[in-house]
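This report refers to the structure that appears directly beneath it.
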Amino acid sequence: MKIMVAIKRVIDYAVKIRVKPDKSGVVTQNVKMSMNPFCEIALEEALRIRESGLASEVVAVTMGPSQCLDTLRTGLAMGADRGIHVDSTSALHPLHVAKILRNLVQIEKPSLIILGKQAIDDDCNQTGQMVAGLLNWPQGTFASKVSPSSNHPGFKNQAFAPTMWWGFPKDKSNMSQIGKKEYTHGTMKSLIGVVLDKEKEEVTVDREVDDGIETVQLKLPAVITTDLRLNQPRYATLPNIMKAKSKPIKKFTPQELNVEIKSDLEIVEVTEPPKRKAGVMVSSVDELIEKLKNEAKVI
Amino acid sequence: MHFKRSDFKIIKNYIAEIGDDDVSYVLSTFTITYIRVEKEHGSEIVTNQLHFNHCFLFFTMLKFCSIFSKSKSKNLFLLRSRTKSTSRSQSSPAAYTFSRRIFPYSKHSSLLARVSISRVPPSRSFATDSEARDSIEYDVVVVGAGPAGLSAAIRLKQLCHQKGADLSVCVVEKGAEVGAHIISGNVFEPRALDELLPQWKQEEAPINTPVSSDKFWFLTKNRAISLPSPFHNKGNYVISLSQLVRWLGAKAEELGVEIYPGFAASEILYDANNKVIGIGTNDMGIAKDGSKKENFQRGVEVKGRITLLAEGCRGSLSEKIIGRYNLREKGGAEHQTYALGIKEVWEIDERKHQPGAVLHTLGWPLDHKTYGGSFLYHMKDNQISIGFVVALNYQNPFMNPYEEFQKFKHHPAIRQYLEGGTVIQYGARTLNEGGFQSIPYPVFPGGAIIGCSAGFLNVPKIKGTHTAMKSGMLAAEVTFGVLNEGLDMDMYWKALRNSWIWDELYKARNYRPAFEYGLIPGLALSGLEHYLLRGKHPFTLKHGKADHEATNAAQLHSPIQYPKADGVLSFDVPTSLHRSNTNHEHDQPPHLRLRDPKIPETVNLPVYAAPESRYCPARVYEYVADEHNQLKLQINAQNCLHCKACDIKDPKQNIEWTVPEGGGGPGYSVM
């Protein structure tokens with residue numbers, strides 16, 4: 001069984017972002033780039049599934065200019081088996097990425113696509129869902145493994161609602177034990193994240209949603225997008241980085257994949273958020289009302 | 001408080017370390033036997049007071065015999081003398097435990113506290129895990145992808161191509177990418193680069209702003225007095241060293257050098273003959289409490305037939321090597337002295353921007369006793385580098401170099417450039433000021449120290465890049481000889497002495513030490529040197545006290561009131577820190593180790609008013625009131641800029657900077 005993971009090269013999360021003086025975008029020259037953190041988590045999940053024996057191969061896909069190869073090599077160093085680089089210098093929006101992925105799927109034929117839930121540069125949160133739509137595959141988004149003891153707001157409201165438990169597999173014996181210590185049926189104790197059942201060709205995903213945790217069971221082939229608390233990505237070790245140099249990377253272009261990069265969106269202007277003004281101390285309620293009326297004009 | 005069996009071993013080890021003289025040995029064995037007899041005959045009744053008397057007697061005897069003996073044990077109670085480099089790594093942890101246990105209450109504990117004893121922290125310095133590490137072998141291992149390290153790597157590969165040899169070269173770098181930890185003024189003298197890569201202009205090195213003007217001002221609070229410029233910057237360029245190093249890294253990779261950023265060399269590997277055989281990288285994925293996290297990854301051993309240490313100023317491994325092999329004594333060198341440089345890169349109004357303009361200032365806001373000054377260089381793209389350098393042998397513990405920098409920016413002659421501009425990046429790093437007098441013997445069994453880790457910065461010129469690169473190239477040439485022709489690594493010392501580095505540093509040797517006598521004498525001598533003597537005098541001035549010893553007690557000075565940051569020209573530390581793109585994995589053991597965890601609250605705070613809370617440009621050290629309203633030291637290791645100021649300036653040398661997990665630290669790109 002093959003797993004395809006899509007990874008994106010973005011500005012490193014620790015870098016202070018600056019807007020270009022002409023307001024056409026963000027400064028990306030001489031700025032540190034690295035793999036999108038959610039994509040790291042997606043790749044880690046794919047590697048864990050492969051290490052538990054349920055998948056044979058993990059293929060990492062990235063799209064963009066030639067510098068993306070660095071990110072792809074990092075992915076290979078973490079443990080992916082093969083890489084695919086779709087070379088494109090134009091800006092790729094989520095719909096283009098989704099179309100390219102759909103066409104790649106027809107070539108590679110994976111049973112599972114895992115992506116990060118969103119990229120930290122555009123925060124779109126669209127690609128995974130679009131891919132599932134284009135392929136007509138089921139999707140399990142925001143896969144997470146939050147424990148009940150965390151401060152997730154949903155848990156306080158939804159303690160024992162029976163609706164949360166639909167789709168929990170009843171038969172334990174065929175279950176793979178990925179990334180969890182204990183599985184206790186029907187209780188809140190341990191959440192399972194992403195669990196694959198090879199025989200039944202199903203995958204069960206715990207999704208972290210606003211209300212709490214929703215568990216869905218998807219028939220393979222499926223699309224999963226990963227959220228922050230699913231796993232802790234591994235470090236790429238020095239020996240693995242050296243091995244990654246010899247792993248094969250296949251190159252494609254969007255034209256070869258019959259995808260036209262034509263955008264219906266045009267970015268008009270990028271500006272910094274307005275600077276926060278210092279707070280003003282008022283001396284009485286009357287002054288507050290007066291300021292709300294005349295200055296802020298909210299009453 | 002009793003002597004235990006293990007104490008005897010400790011005492012024996014301690015004696016073995018301090019005295020190799022027959023007399024002291026005999027006397028000490030006698031004392032040990034005496035104490036042992038005591039114990040076997042019921043030490044349970046021995047009280048604290050009796051212990052004290054015995055110990056006092058014991059130590060007095062030792063002291064007496066050390067006075068009469070001719071051995072090195074003369075330095076019994078002052079194991080770290082002023083001119084020697086610290087022998088931290090040599091003292092055993094056992095000796096530390098011994099002294100701490102014996103003398104908790106006596107007035108002699110302060111005496112013993114001066115004995116340099118290092119408690120080697122247990123977690124990461126030893127390979128505590130029984131899990132074996134992967135080992136990778138290369139011909140040459142270079143620690144640090146900076147100008148020196150990369151020049152050495154490039155030169156090695158060039159020699160290989162020329163002479164048809166094949167040597168595998170690996171460069172490990174603790175920053176997340178090559179250039180991430182590189183920060184420097186920088187007015188670049190291309191002398192070494194012309195020798196290394198003569199085609200640098202055609203190969204599009206990021207060196208394209210020649211120096212167009214060279215100004216030198218003496219500042220008072222409101223005025224700037226123009227002085228004749230002591231620099232000869234014609235033919236030099238204003239660059240961003242981080243960008244140049246990235247370019248060098250790309251060149252090195254083209255030649256076949258393997259560069260691994262994100263891997264921190266945390267320990268040196270030795271073989272049975274005390275020869276260095278390589279380095280070990282950090283274990284990754286250890287939590288704050290020392291336990292292994294989910295993504296724990298054991299470090300690897302990177303072994304090399306030759307190891308070159310190019311860690312930059314006050315490199316952590318280089319300091320250990322210098323201590324272990326006594327390289328300062330071997331080279332007849334004095335201690336190294338340092339300065340702290342704090343820098344910002346601004347994007348300014350293009351009408352005020354003059355590409356290639358170079359400005360240095362002296363004077364305000366520093367006083368006559370403090371050596372330091374500022375620089376303001378105009379790069380390209382309307383960017384300027386502005387920075388402030390303060391020598392770390394300042395005496396006033398209330399001095400805050402960061403705040404002096406912020407104050408400096410408000411000077412009318414300076415603010416005219418900055419108004420209307422924005423800060424792009426911020427950073428800080430210490431630099432060497434010891435010059436010629438402080439160069440240690442740079443060769444050790446199994447390798448050599450190159451670049452600022454040894455210390456080749458030319459202080460009057462304020463340039464160290466060209467000499468660092470040249471030292472890397474010389475080391476590479478000797479290394480090639482060692483690996484291919486069986487030469488001796490000691491040839492590196494000879495090569496240095498015969499090169500233009502030596503010449504240059506020899507001529508420049510008296511400028512900085514002259515300032516020990518004050519600002520005016522220093523300037524006077526500089527003038528004399530520059531116009532008349534030009535290094536041709538028979539004497540070599542010595543350095544003053546070591547930086548950490550120069551700090552006066554707080555009672556001799558009064559606190560300095562610094563103006564509040566206005567958010568336009570001057571900023572507070574958190575805002576500046578954010579601009580340095582600094583980040584560390586927060587869940588890891590703090591990489592700033594206290595040799596004695598009690599010293600901050602018992603010495604630094606009461607005696608010196610906590611200088612580390614002032615000189616650290618990243619606010620790593622803060623004293624926070626705990627539940628009992630007692631001020632306790634809080635170490636925000638995550639903020640660390642890897643500048644090493646704390647390792648240098650802490651009065652009791654209690655803070656040890658060790659390398660954190662690879663990939664952490666600042667993210668400089670235009671510094």
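The values are calculated or read from the model by the stated rules, or taken from the named source; none is laboratory data. Just so you know, these numbers come straight off a predicted model, no measurement behind them. Note: ideal-geometry Cβ built from the backbone for every residue, glycine included; neighbour counts use all protein chains shown.
Scanning region A:11-41 for residues that are more than 14 Å from chain B (Cβ to nearest Cβ) and at pLDDT 95 or above, we see that the one that is surrounded by the most Cβ atoms within 10 Å (Cβ to Cβ) is A:39.
Residue A:45 meets the conditions (1) free of Cβ contacts under 8 Å to residues at least 40 places away in the same chain; (2) more than 12 Å from every other protein chain (Cβ to nearest Cβ); (3) within 20 Å of the chain's Cα centre (by Cα) in every case but one. The failed one is (1).
Of everything listed in (1) of a type in the set (A, V, I, L, M, F, W, C); (2) surrounded by fewer than 17 Cβ atoms within 10 Å (Cβ to Cβ); (3) assigned to a loop (DSSP other than H, G, I, E, B), the single unmet condition for residue B:624 is (3). In a residue-by-residue description of region B:277-288, the property of being more than 19 Å from the chain's Cα centre (by Cα) and away from every other protein chain (no Cβ under 14 Å) applies to at least one position.
Being more than 14 Å from chain A (Cβ to nearest Cβ), closer than 21 Å to residue B:267 by Cβ and among the hydrophobic types (A, V, I, L, M, F, W, C) is a condition met by at least one residue of region B:327-343. Residue B:605 falls short of the stated requirement of being in contact (Cβ under 8 Å) with a residue 40 or more places away in the chain, surrounded by 18 or more Cβ atoms within 10 Å (Cβ to Cβ) and either assigned to a helix (DSSP H, G or I) or more than 14 Å from chain A (Cβ to nearest Cβ) (or both). The residue that is farthest from the other protein chains (Cβ to nearest Cβ), counting only those in region A:208-222 that are modelled with pLDDT under 90 and under 15 Å from the mean Cα position of the chain (by Cα), is A:209.
Condition check ((1) free of Cβ contacts under 8 Å to residues at least 24 places away in the same chain; (2) hydrophobic (A, V, I, L, M, F, W, C)) across all residues:
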position: A:75; (1), (2): no, no
position: A:78; (1), (2): no, yes
position: A:84; (1), (2): no, yes
position: A:89; (1), (2): no, no
position: A:95; (1), (2): no, yes
position: A:103; (1), (2): no, no
position: A:108; (1), (2): no, no
position: A:123; (1), (2): yes, no
position: A:126; (1), (2): no, no
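The set of residues in region B:445-456 being surrounded by 24 or more Cβ atoms within 10 Å (Cβ to Cβ) and not in a helix (DSSP H, G or I) consists of B:447, B:448, B:449, B:450, B:454, B:455, B:456. Here is a check on your reading of the model: is residue A:225 modelled with pLDDT under 90 and either polar (S, T, N, Q) or in a helix (DSSP H, G or I) (or both)? Answer is no for this residue. I'd like to check something: does region B:638-648 contain any residue that is β-branched (Val, Ile, Thr), surrounded by fewer than 23 Cβ atoms within 10 Å (Cβ to Cβ) and more than 14 Å from every other protein chain (Cβ to nearest Cβ)? For region B:638-648, residues β-branched (Val, Ile, Thr), surrounded by fewer than 23 Cβ atoms within 10 Å (Cβ to Cβ) and more than 14 Å from every other protein chain (Cβ to nearest Cβ): absent.
Considered as a group, the residues in region B:289-304 that are within 11 Å of chain A (Cβ to nearest Cβ) and in a loop (DSSP other than H, G, I, E, B) include one that is surrounded by the fewest Cβ atoms within 10 Å (Cβ to Cβ), and that residue is B:298. For region B:211-233, does any single residue satisfy the condition of being of a type outside the set (D, E, K, R), under 29 Å from residue B:581 (Cβ atoms) and within 12 Å of another protein chain (Cβ to nearest Cβ)? Checked against the condition, which is being of a type outside the set (D, E, K, R), under 29 Å from residue B:581 (Cβ atoms) and within 12 Å of another protein chain (Cβ to nearest Cβ), region B:211-233 yields no hits at all. If the condition is being away from chain A (no Cβ under 13 Å), within 27 Å of residue B:172 (Cα to Cα) and in a loop (DSSP other than H, G, I, E, B), then region B:649-671 contributes B:658, B:659, B:660. Pairing residues of region B:369-380 that are free of Cβ contacts under 8 Å to residues at least 24 places away in the same chain with residues that are among the aliphatic types (A, V, I, L, M), at Cβ distances under 7 Å and at least 6 apart in sequence or on separate chains, gives B:373/B:362; B:373/B:389. The conditions of being surrounded by fewer than 24 Cβ atoms within 10 Å (Cβ to Cβ), aliphatic (A, V, I, L, M) and under 21 Å from residue B:187 (Cβ atoms) are not met by residue B:431.
Residue count for region B:234-268, restricted to those that are surrounded by fewer than 21 Cβ atoms within 10 Å (Cβ to Cβ), away from every other protein chain (no Cβ under 14 Å) and either touching a strand residue (DSSP E or B) at 6+ places or on another chain (Cβ under 6 Å) or not aliphatic (A, V, I, L, M) (or both): 4.
For region B:193-209, the count of residues that are farther than 14 Å from residue B:375 by Cα, part of a loop (DSSP other than H, G, I, E, B), small (Gly, Ala, Ser) and touching a Pro at 6+ places or on another chain (Cβ under 7 Å) is zero.
For beta carbons closer than 7 Å, sequence separation of 6+ or different chains, a first residue in region A:224-242 that is more than 10 Å from chain B (Cβ to nearest Cβ) and a second that is of a type in the set (Gly, Ala, Ser) and part of a strand (DSSP E or B), the qualifying pairs are A:224/A:140; A:224/A:143; A:225/A:116; A:225/A:143; A:226/A:116; A:226/A:143; A:227/A:143; A:230/A:143.
Here residue A:110 meets the list (1) crowded, with 19+ Cβ neighbours inside 10 Å; (2) assigned to a loop (DSSP other than H, G, I, E, B); (3) on the phi > 0 side of the Ramachandran plot almost entirely, failing just condition (3). Only a single item in (1) within 21 Å of residue B:338 (Cβ to Cβ); (2) touching a Lys or Arg at 6+ places or on another chain (Cβ under 8 Å) is not met by residue B:309, and it is number (2). Looking at region B:127-175, which of its residues are closer than 30 Å to residue B:581 by Cβ and of a type in the set (Asp, Glu)? Selection gives B:173 alone.
Candidates are the residues of region A:257-292 that are part of a loop (DSSP other than H, G, I, E, B) and surrounded by 12 or more Cβ atoms within 10 Å (Cβ to Cβ); the one that is modelled with the lowest pLDDT is A:263. Tell me which residues, restricted to region B:537-582, are within 14 Å of chain A (Cβ to nearest Cβ), among the acidic types (Asp, Glu) and buried (at least 18 other Cβ atoms within 10 Å of the Cβ). Once the filter is applied, which keeps residues that are within 14 Å of chain A (Cβ to nearest Cβ), among the acidic types (Asp, Glu) and buried (at least 18 other Cβ atoms within 10 Å of the Cβ), region B:537-582 yields nothing.
Once region A:192-206 is narrowed to residues that are crowded, with 20+ Cβ neighbours inside 10 Å and not β-branched (Val, Ile, Thr), the residue that is nearest to the other protein chains (Cβ to nearest Cβ) is A:193.
In summary, residue B:267 fulfils each of the numbered conditions (1) of a type in the set (Asp, Glu); (2) over 26 Å from the mean Cα position of the chain (by Cα); (3) in a strand (DSSP E or B) with the single exception of condition (2).
Is it the case that region A:84-106 has a residue that's more than 14 Å from chain B (Cβ to nearest Cβ), of a type in the set (D, E, K, R) and within 19 Å of residue A:196 (Cβ to Cβ)? Within region A:84-106 (the criterion being more than 14 Å from chain B (Cβ to nearest Cβ), of a type in the set (D, E, K, R) and within 19 Å of residue A:196 (Cβ to Cβ)), the answer is no, since none of the residues qualifies.
Checked against (1) under 30 Å from residue B:284 (Cβ atoms); (2) of a type in the set (Ser, Thr, Tyr); (3) surrounded by fewer than 20 Cβ atoms within 10 Å (Cβ to Cβ); (4) at pLDDT 50 or above, residue A:183 meets all criteria but (4).
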